[in-house]
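To keep things clear, I will list the structure first and then write my remarks on it.
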Amino acid sequence: MELIEPWVFPPVITAFLLTVSMSLLLGLGLREYYLVNQKRIVFGTTRTCMLIGLIGFVLFHLQPSGLLYLAGLLVLGLWLGLFYRYKLGEQQTGMIGLMMALISYTVGPVSLTLPYWFLILYTIAALFILNARENIHLLTLRMANEEIITLAKFLVLSGVILPLTSREPLAPFLPVSLHQTWLAVVVISGISYLSYLVQAYFVKGRGILLTGAMGGFYSSTAATLVVSRQSHHYPKESTRPAVAILLATGVMYLRLLVIVALFDSSLALSLLPGLLGLFVLTLATAIMLSRRNHEPQGSRRAAEAPKNPLELSAALFFALSFLLVTALTHVILEQYPHGGLRWLAFLTGFTDIDPFVLALLSGDFTHYSIDIGRAIVIAAASNNLLKAGYVFAFAATPTRWKAGPVLVVLAAFNLIYGFWGFD
């Protein structure tokens, strides 16, 4: 007995319907834009965008080589040019309608050649840009020239240098490639830079609590040192600096999970219960401290502006640290395969733990999966002890005795979990 195949739309019909739908959305968005901004001289709205979309679809489908489509584009461009010349004569310079017409013309080829999800994303992005004039203008005013240069640096790090690096291991005692090394640099730089942008431009001046929370994604150690110094400017009744320090440490656990998940999802799943539990414990302690806050009204101070973490010198230093720690880890595992990694993790935690964590995840140490999980947790424990030392050394007395002991207790829980939590 033959099975009857269910009838489905031919791909060209699906692409046609999507072209009509997306052109309709673009036209509706353009019409709304004209109404809100009270534009007098307009090129067209809903029907115009739909018809342009249909013309682009048919011309591209009739001749996939693109000659008819290019001819149609020339005609449309001439038409748009004549209209824009008329607008200039009427002292009008806006080009939004013209750009939306060109976007509508490209909807057909996109629906025929690219995945359908990309066509939807393409349309949504165009509509978002159309209606985000004020937000984009505000962002460009707030972003300094240095930020644009910094963004260019990150694009060089990730889009130019990374693809050119070799994937061959560097040496027998250094089981990583230049590609893995630079990938580690890009991952850490990207997370830190994104945290910096959010802190500097979207939650700027929102107080010390956000400084701590966002600082945990950038560097909980640096955030702890900054908040400890700021705590001297708060009244002794305030628990806000201590809460900020704990928030930085709590977010550090989430940051570690994200980093591990990017390189080893199975290890991230095994670490999830422990690190998530430590995050919840830290957050609960911070909430309890915040409820005991008796800070007088009007005494809150704005947080210090964060420093941009994305510098080429810092990236090179991280790369060298990554290679050094990877080589040292390889030697330790060769000589002391059962306990050496744990002690190395404990000592590394008193410095920057990122190179160590990335070295474990990027190096050829997959057969030490459980030991890697232990080492990451133990490194976080000694890093908490380092932060406790910063608090006791630099924080005001009330903050010192509210946050310092909690960090020591968290370090103890980390060590217990690191040494015995995987059995």
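The values are calculated or read from the model by the stated rules, or taken from the named source; none is laboratory data. The model shown is predicted, which means the values in this text are computed figures rather than measured ones. So basically every Cβ, Gly included, is an ideal-geometry build from the backbone, and we count neighbours across all protein chains shown.
Remarks
- Among the residues listed as PHE346, PHE419, PHE350, PHE392, the single one being at pLDDT 75 or above, surrounded by fewer than 21 Cβ atoms within 10 Å (Cβ to Cβ), on the phi < 0 side of the Ramachandran plot and not in a helix (DSSP H, G or I): PHE350
- When restricted to residues that are more than 24 Å from VAL186 (Cβ to Cβ) and surrounded by 14 or more Cβ atoms within 10 Å (Cβ to Cβ), region 237-258 contains 12.
- Residue within region 259-268 that is touching a helix residue (DSSP H, G or I) at 6+ places or on another chain (Cβ under 7 Å), β-branched (Val, Ile, Thr), modelled with pLDDT of 75 or more and surrounded by fewer than 23 Cβ atoms within 10 Å (Cβ to Cβ) present: yes
- Cross-chain or 6+ apart pairs with Cβ under 8 Å, region 236-249 first and over 14 Å from ILE287 (Cβ atoms), then surrounded by 24 or more Cβ atoms within 10 Å (Cβ to Cβ) and among the acidic types (Asp, Glu): none
- For region 1-19, the candidate set comprises residues that are at pLDDT 50 or above and of a type in the set (Val, Ile, Thr); within that set, the residue that is farthest from LEU102 (Cα to Cα) is VAL8.
- A residue that is over 26 Å from LEU114 (Cβ atoms) and touching a residue at least 24 places away in the same chain (Cβ under 8 Å) cannot be found anywhere in region 18-26.
- Single residue of region 35-53 satisfying the filter (surrounded by 17 or more Cβ atoms within 10 Å (Cβ to Cβ) and touching a residue at least 40 places away in the same chain (Cβ under 8 Å)) that is nearest to PHE83 (Cα to Cα): PHE43
- TYR234 modelled with pLDDT under 75, buried (at least 18 other Cβ atoms within 10 Å of the Cβ) and not aliphatic (A, V, I, L, M): no
- Scanning region 396-409 for residues that are hydrophobic (A, V, I, L, M, F, W, C), buried (at least 19 other Cβ atoms within 10 Å of the Cβ) and under 19 Å from SER382 (Cα atoms) turns up ALA403, VAL406, LEU407.
- Selected residue [of a type outside the set (Phe, Trp, Tyr), closer than 21 Å to LEU26 by Cβ and out of contact with any Lys or Arg (no Cβ under 7 Å at 6 or more places or on another chain)] from GLY89, GLY44, GLY66: GLY44
- Of all residues in region 67-98 being surrounded by 13 or more Cβ atoms within 10 Å (Cβ to Cβ) and among the small types (Gly, Ala, Ser), the one that is farthest from GLN38 (Cα to Cα): GLY72
Quick grid of which residues meet (1) in a helix (DSSP H, G or I); (2) aliphatic (A, V, I, L, M); (3) touching a Phe, Trp or Tyr at 6+ places or on another chain (Cβ under 6 Å):
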{"position": "PHE217", "(1), (2), (3)": "yes, no, no"}
{"position": "LEU247", "(1), (2), (3)": "yes, yes, no"}
{"position": "TYR253", "(1), (2), (3)": "yes, no, yes"}
{"position": "VAL260", "(1), (2), (3)": "yes, yes, no"}
{"position": "LEU267", "(1), (2), (3)": "yes, yes, no"}
{"position": "THR282", "(1), (2), (3)": "yes, no, no"}
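- For region 360-370, the count of residues that are under 22 Å from GLY212 (Cα atoms) and either modelled with pLDDT under 85 or more than 30 Å from the chain's Cα centre (by Cα) (or both) is zero.
- Of all residues in region 31-65 being assigned to a loop (DSSP other than H, G, I, E, B) and under 38 Å from the mean Cα position of the chain (by Cα), the one that is modelled with the highest pLDDT: THR45
- Number of residues in region 98-126 that are closer than 16 Å to LEU59 by Cα and free of Cβ contacts under 8 Å to residues at least 24 places away in the same chain: the value is 2.
- Which listed residue, of LEU28, LEU18, is of a type outside the set (Gly, Ala, Ser), assigned by TED's automatic domain parsing to the domain that holds PRO115, touching a helix residue (DSSP H, G or I) at 6+ places or on another chain (Cβ under 8 Å) and over 15 Å from LEU130 (Cβ atoms): LEU18
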